[in-house]
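These notes are about the structure you will find just below.
The values are calculated or read from the model by the stated rules, or taken from the named source; none is laboratory data. Note that the coordinates shown come from a computational prediction; the quantities given were computed from them, not determined experimentally. Cβ sites come from the backbone with ideal geometry, for glycine too, and all protein chains shown count toward neighbours. Areas reflect the complete protein model, heavy atoms only, side chains present, ligands, DNA and RNA absent. Shrake-Rupley method; radii C 1.70, N 1.55, O 1.52, S 1.80 Å.
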There are 2 protein chains.
Amino acid sequence: MPTPDPPRKVRADARQNLDTLLVAARTVFARSGVDAPAREIATEAGVGVGTLYRHFPNRAELVAAVFTTEIDATAAEAASLLATHPPGEALDLWITRFTRFVATKQGLSAALRSGDPAYDALPALLTSKLGPALASLLEAASAAGEIRPGVDPLELLQAVGDLSHRAPSPDGTPNPMVRLLLDGLRAQ
Amino acid sequence: MPTPDPPRKVRADARQNLDTLLVAARTVFARSGVDAPAREIATEAGVGVGTLYRHFPNRAELVAAVFTTEIDATAAEAASLLATHPPGEALDLWITRFTRFVATKQGLSAALRSGDPAYDALPALLTSKLGPALASLLEAASAAGEIRPGVDPLELLQAVGDLSHRAPSPDGTPNPMVRLLLDGLRAQ
DNA sequence: TGCGTAAGCGGAACAACGTTCCGTATAGTG
DNA sequence: CACTATACGGAACGTTGTTCCGCTTACGCA
């Protein structure tokens, strides 16, 4: 087998630029949505586009990197909700939280749902991070007899993402169509 | 008031090119999806892009024009389903049909859901044509007590569109998430 | 401390897109 | 048959994402 892990030396300025890029991207995404041009992000970071593309193979990976921490937090919340609420209620609360996360990020849902291969990294990220979280919630609620069994977590996750493009109503009420979907889980 | 309708003379070759463009667009959309480049459509029709853009202000209008007849047919089917089936069943059948229509058109749902202003004409078309059709189905089913009242037809239409990007399963089973949504309509 | 080298950088350049523009061609009329 | 409004083709423009490469610079070693 080849050298397992040759001591990679990462230059300090490279590490620095990577951080700067992430911060800039977060700023720009908030201001102009995830569809903001790569050049705008590079400019905001004060680097050239070449630098951006050395750190991220494409825009989607950058988007994914920016939202990773927030996604991790959302995933983590599944466990704590499950510990403090009845399974069905925990499921609802978590879905609502996820809905708000998606709706909050201007253009995130559009990117998720575009089917554009350029954004493949995003579904992959949600799948790997949020899939298991939702699976645990579904399993608990299903075991408690609160929802029908046999619902595919990834399919549901994708569906909720699909439905979450509208901004959440200010009073905290979740999207009515998501509500409908959740009610459907309880039928039969 | 100004001249109400000065006898416009439409040149024969213009009318001809318009038809050719529609046929070409239908062909190309089927082959390469609705995201196919405008140039590809113009080439298929054997005309220049300028001609395309004189007949349609933008790509979205062309897409809308291509699907108009099919959309009209779908809308019309609401009435006939309502005449031959119980309201709830008619609703399910129609939604399934709509689902298949969207899933069949490669990239149509992506366009619908993209939020891209370039595709504004599409939601407008569905809204005006299919909205009333779905409204009649919902009203009938609701009056029969088969579903909950107060569901916004346009919201539901959009939601089903959002969920219909996967190809329909060959056995004719509708998308499970759409199924869930429909079950949700029956809850309470 | 200074130097050589690879890691890293900037931004010009490329390809693909939607859309606009305008010189040229022609359908239809008198 | 000639004239003109109508329509046409396709080059050109502005914006994308992404690639490429000559130059810069960090940093391990002497």
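Within a straight-line Cα-Cα reach of under 30 Å, A:Lys105 can be paired with the following lysines, leaving aside sequence neighbours fewer than 8 residues apart in one chain: A:Lys129, B:Lys105. Between chain B and chain A, roughly 1900 Å² of accessible surface gets buried, counting both sides and using a 1.4 Å probe. Give me the Kirkwood hydrodynamic radius of the range A:10-55, using the inverse of the mean 1/r over all pairs of distinct Cα atoms, in Å to one decimal. Every distinct Cα pair counted, the radius reaches 10.4 Å.
For chain A, the share of accessible area belonging to carbon and sulfur comes to 56 percent (1.4 Å probe, ligands and nucleic acids excluded). DSSP H helices in chain A with Cα extent of 27 Å or more along the helix axis and mean Kyte-Doolittle hydropathy at least 0.5? Passing helices, by number: A:59-84, A:121-143. In terms of overall dimensions, the C-alpha atoms belonging to the range B:43-123 reach 50, 24, 18 Å along their principal axes, ordered largest to smallest. Projecting the Cα positions of B:Val178, B:Gly33, B:Ala79 onto the charge dipole of the protein assembly as shown (unit charges on Cβ atoms of Lys, Arg, Asp and Glu, taken about the Cα centre) puts B:Gly33 furthest along the positive direction.
The mean number of Cβ atoms from other chains found within 10 Å of a Cβ in peptide A:99-109 is 1, as a whole number. For chain A, the longest piece that avoids every one of the trypsin sites (Lys or Arg not before Pro) found in DSSP loops with at most 11 other C-beta atoms within 10 Å covers A:12-188.
Basic side chains Lys and Arg get +1 at the Cβ, acidic Asp and Glu get -1 at the Cβ, and with that the dipole of chain B about its Cα centre reaches some 540 debye. With Cα atoms as the point set, the radius of gyration and Dmax of the protein assembly as shown evaluate to 24.0, 86 Å. Label points for B:Ala38 are taken 7 Å from Cα along Cα→Cβ. From this copy to the others they lie 2.5 nm apart, shortest first.
Residue by residue through A:145-152, how many Cβ atoms from other chains fall within 10 Å of the Cβ on average? Taking the mean over all residues of the peptide, I get 1.
Computed with a 1.4 Å probe over protein heavy atoms only, the accessible surface of the range A:59-186 comes to 39 Å² per residue. By the equivalent-ellipsoid construction on the alpha carbon gyration tensor, the range B:58-186 comes out with semi-axes of 24, 16, 14 Å, ordered largest to smallest.
Accessible area per residue for the range A:10-55, computed on protein heavy atoms with a 1.4 Å probe, is 58 Å².
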